[in-house]
């Protein structure tokens, strides 16, 4: 359990015509160190001349547009967020947002845990504006309801914030281009071979540079990293389920040499293939 503060109506910023009072949250020391946590949030209906301009604010901001449209300038981007969109801003960077016509939106300033990492992961390929989903609608409403509660719980608030960030990061498989799914099928069938990005792009009938950007946008990782993950999954299976040597597994999974395999395996897993295999042997490290 933690404390919250509800601010009674105060003289509103210009352009705010309706909405909740602002609900503040006081996270515990545990939450500040280990969880996601909101600072404050609410629900507004605004119209011109509502405008917020900040050079720096030590929080992140999630905004969900319920009705109307919202205008944002963030770094070198100009975005119009419309009904059904979610906006995710790093407020430590210069930003401006404003209303030109009536707009109703939910909002929460928050921080904690891997928030910066999520933003840095999403922004280069997705920007700051995301399509809404039914799950986001549910989690956003639940988050604000929990924030308003006199018995708001740090762990539930963290769960809801993490769920929203996770949903923003998840790929909608229905929207993945056919060229990307073709590339995934090609890599899955040929990862044992000496593949290069040019080979994979050719299988998708795309220019390699454009293909690499498109693939990363829709999968969250470049093609060579996805290919490495396929090889690594197969290698782990063979280490556990077969008696093949490390050199044979390296050849079977498309690594150029056993040295390359061992180096790549340790970089990703923190241990060598030999130690990984020992872990799963009868009487191994699990005993």
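The residue that is nearest to the chain's Cα centre (by Cα), among those in the range 16-34 that are part of a loop (DSSP other than H, G, I, E, B) and closer than 25 Å to residue 50 by Cα, is 22. Closer than 21 Å to residue 23 by Cα and crowded, with 17+ Cβ neighbours inside 10 Å - does that describe any residue in the range 114-127? There is at least one residue in the range 114-127 that is closer than 21 Å to residue 23 by Cα and crowded, with 17+ Cβ neighbours inside 10 Å. Here 211, 255, 191 are screened, and the one residue that is in the same structural domain as residue 179 (by TED's automatic domain parsing) and under 29 Å from residue 130 (Cβ atoms) is 211.
Residues in the range 133-156 that are touching a strand residue (DSSP E or B) at 6+ places or on another chain (Cβ under 8 Å) and more than 15 Å from residue 106 (Cβ to Cβ): 149, 150, 152, 154.
When 63, 21 are screened for being out of contact with any helix residue (DSSP H, G or I) (no Cβ under 6 Å at 6 or more places or on another chain), under 23 Å from residue 154 (Cβ atoms) and modelled with pLDDT of 95 or more, only 63 passes.
Scanning the range 270-287 for residues that are touching a helix residue (DSSP H, G or I) at 6+ places or on another chain (Cβ under 7 Å) and at pLDDT below 90, we see that the one that is nearest to residue 239 (Cα to Cα) is 280.
Tell me, yes or no, whether the range 53-61 has at least one residue that is outside any helix (DSSP H, G or I), assigned by TED's automatic domain parsing to the domain that holds residue 100 and within 15 Å of residue 113 (Cβ to Cβ). Scanning the range 53-61, I find at least one residue that is outside any helix (DSSP H, G or I), assigned by TED's automatic domain parsing to the domain that holds residue 100 and within 15 Å of residue 113 (Cβ to Cβ), so the answer is yes. Quick check, is residue 48 at pLDDT 95 or above and more than 16 Å from residue 115 (Cβ to Cβ)? No.
In the range 157-178, is there at least one residue being at pLDDT 90 or above, surrounded by fewer than 16 Cβ atoms within 10 Å (Cβ to Cβ) and in contact with a strand residue (DSSP E or B) (Cβ under 8 Å, 6 or more places away or on another chain)? Looking through the range 157-178, none of the residues is at pLDDT 90 or above, surrounded by fewer than 16 Cβ atoms within 10 Å (Cβ to Cβ) and in contact with a strand residue (DSSP E or B) (Cβ under 8 Å, 6 or more places away or on another chain). Residues that are surrounded by 14 or more Cβ atoms within 10 Å (Cβ to Cβ), in contact (Cβ under 8 Å) with a residue 40 or more places away in the chain and closer than 14 Å to residue 277 by Cβ within the range 235-252 comprise 236, 239, listed in sequence order. Looking across the range 137-167, the residues that are under 13 Å from the mean Cα position of the chain (by Cα) and in contact (Cβ under 8 Å) with a residue 24 or more places away in the chain come down to 161, 162, 163, 164, 165, 167. Looking across 145, 111, 120, one residue alone is within 24 Å of residue 34 (Cβ to Cβ) and part of a strand (DSSP E or B). It is 111.
The values are calculated or read from the model by the stated rules, or taken from the named source; none is laboratory data. Here the structure is a predicted model, which means the values were calculated and not measured. With ideal geometry, Cβ positions are generated from the backbone for all residues, glycine too; neighbour counts draw on all protein chains shown.
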